[in-house]
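**Q** Provided herewith is a single structure, encoded as structure tokens, for subsequent inquiry.
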Amino acid sequence: MSIKIIKVNEAILGANENQAEINRKRLDEKRVFTVNVLASPGAGKTSTIIQAIHALKDKFGIGVIEGDVASAVDASRIHAVGMPVVQINTAGGCHLDANMMVPALDSLPLDDIDLLFIENVGNLICPNAFSLGEDTRLLIASTPEGDDKPYKYPAMFTDTDVILLNKIDLKPYLDFNLDAFEKIVHELNPDAVIYPYSCTTGEGVADWIAWLEAAVNAKKNG
Ligand code: MG
Ligand code: ZN
């Protein structure tokens, strides 16, 4: 007789996909453009989200789901700029999954939200394997991490639509080759759009915010 073997990983990912579809439907019904923000720790996820809030808060209702292994430090920063925020503590878990979104979505005023950021756990290994129901993935890299980062974590750079390259203001002090970075990224993901910018100086920010604003409007009015 033949024995069916189900790999645990596949079962987990399949169940996750099912829940992610349910989340997606719910967010589509409310026309909430949802961004899954991925990066290594310290790349500037929270600072980037706060910058987008400042740029777009007069145009859209914005909400944030913060994912961290522990603490509510980032949620406090979002709360301080006056946006509805939910903190998910994964108790050691290294990524968010679609099930964790359910209580988070329950506690947000989705009728008033056009743009929802989900700040994933800072980690470049596995969060890309777990859909949450998002419209797009935003991968944030930063110049101190090195221009060869896409070689080390290729899946993170292929499972994304837009790549933000933060801390471009530090480039003069670092051995970071922007041309090399763009070449490696486009070898892996020819369609990826790359926006270099700096949360500190604000340079380049208007460009990626313009992309985001257009995407939110397309869903809101679509
Ligand atoms: Mg953060
Ligand atoms: Zn993980």
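**Q** May I have the convex hull volume per residue, in Å³, for the Cα set of the stretch 92-136?
**A** Enclosed volume per residue, from the Cα hull, is 86 Å³.
**Q** Still on this structure, I have one more. Can you give the calculated 222 nm mean residue ellipticity of the chain, where each DSSP H run of n ≥ 4 adds -39,500 (n - 2.57) and the sum is split over every residue, rounded to the nearest 500 deg cm²/dmol?
**A** -12000 deg cm²/dmol
**Q** Taking the simple approach of a point 7 Å from Cα along Cα-to-Cβ for both residue 57 and residue 70, what is their distance in nm?
**A** 3.0
**Q** Once amide H atoms are placed 1.01 Å from N in the peptide plane, what residues at a sequence separation of 5 or more from residue 195, or on another chain, have their amide H within under 5 Å of its amide H?
**A** It is 163, 164, 165, by chain and number.
**Q** Residue-wise, which Karplus ³J(HN,Hα) couplings in Hz belong to the stretch 81-92, taking 6.51 cos²θ - 1.76 cosθ + 1.60, θ = phi - 60°, and x for glycine or proline?
**A** Going residue by residue, I get 9, x, 9, x, 9, 10, 9, 10, 9, 8, 6, x Hz, with x marking Gly and Pro.
**Q** Take every Cα-Cα pair in the stretch 170-218 and report what % of them are more than 15 Å apart.
**A** 59
**Q** Turning to a different aspect of this structure: Dipole of the stretch 121-196, Cα-centred, from +1 at each Lys and Arg C-beta and -1 at each Asp and Glu C-beta, to the nearest 20 debye?
**A** Computed charge dipole of the stretch 121-196: roughly 180 debye.
**Q** Whole-Hz ³J(HN,Hα) for each residue in the stretch 149-160, computed from phi via Karplus 6.51 cos²θ - 1.76 cosθ + 1.60 with θ = phi - 60°, x for glycine and proline: what do you get?
**A** So the J values, rounded to whole Hz, are 3, x, 5, 7, 10, x, 5, 5, 8, 8, 8, 8.
**Q** Something else: Shape call for the stretch 54-100 from the C-alpha gyration tensor, a ≥ b ≥ c root eigenvalues: rounded (a/c under 1.5), prolate (a/b greater than b/c) or oblate?
**A** Prolate, since a/c reaches 1.5 and a/b exceeds b/c.
**Q** Of the options 129, 153, 190, report the single residue whose Cα projects farthest towards the positive end of the charge dipole of the chain (beta-carbon charges: Lys, Arg +1; Asp, Glu -1).
**A** In the chain, that residue is 129.
**Q** Looking at the stretch 129-222, what % of the alpha carbon pairs are farther apart than 23 Å?
**A** 27
**Q** Residue 214 label point, 7 Å along Cα→Cβ, cut-off 11 Å on backbone N: hits in the stretch 40-66?
**A** What the label zone holds, given the 11 Å backbone N cut-off, is no residue at all.
**Q** I need to check one value: relative contact order of the chain, counting alpha carbon pairs closer than 8 Å and at least 6 residues apart, in percent.
**A** Normalised by residue count, the contact order of the chain is 25 percent.
**Q** Please grab the % of Cα pairs in the chain that end up more than 25 Å from each other.
**A** Considering the chain, 39 percent of its Cα-Cα pairs are separated by more than 25 Å.
**Q** Also: Pick from 197, 173, 151: which residue has the top mean-square fluctuation in a GNM of the chain where Cα pairs under 10 Å get a spring?
**A** The residue with the greatest mean-square fluctuation here is 173.
**Q** For the stretch 6-81, what ratio Rg/Rh do Cα atoms give with a Kirkwood hydrodynamic radius?
**A** Ratio value, two decimals: 1.04.
**Q** Then there's this: How big is the dipole moment of the chain about its Cα centre under a simple scheme where the beta carbon of each Lys and Arg is +1, that of each Asp and Glu is -1, and everything else is neutral? Debye, nearest 20, please.
**A** 340
**Q** For the stretch 64-155, max minus min Cα coordinate along each principal axis, in Å, sorted largest first?
**A** Cα extents, longest axis first: 41, 27, 26 Å.
**Q** OK, next. Greater than 25 Å separation of Cα atoms is the criterion. Which listed pairs, 57/219; 45/171; 59/171; 167/219, meet it?
**A** 59/171; 167/219
**Q** DSSP H helices in the chain with Cα extent of 20 Å or more along the helix axis and mean Kyte-Doolittle hydropathy at least -0.5?
**A** Span-like helices, by this rule, are 205-221.
Every number here is computed from the coordinates shown, using simple stated rules; none is lab data. In this text, all values refer to a predicted model and were calculated from it rather than measured experimentally. Methodologically, a virtual Cβ is constructed for each residue, glycine included, from the backbone with ideal geometry; neighbour enumeration extends over all protein chains shown.
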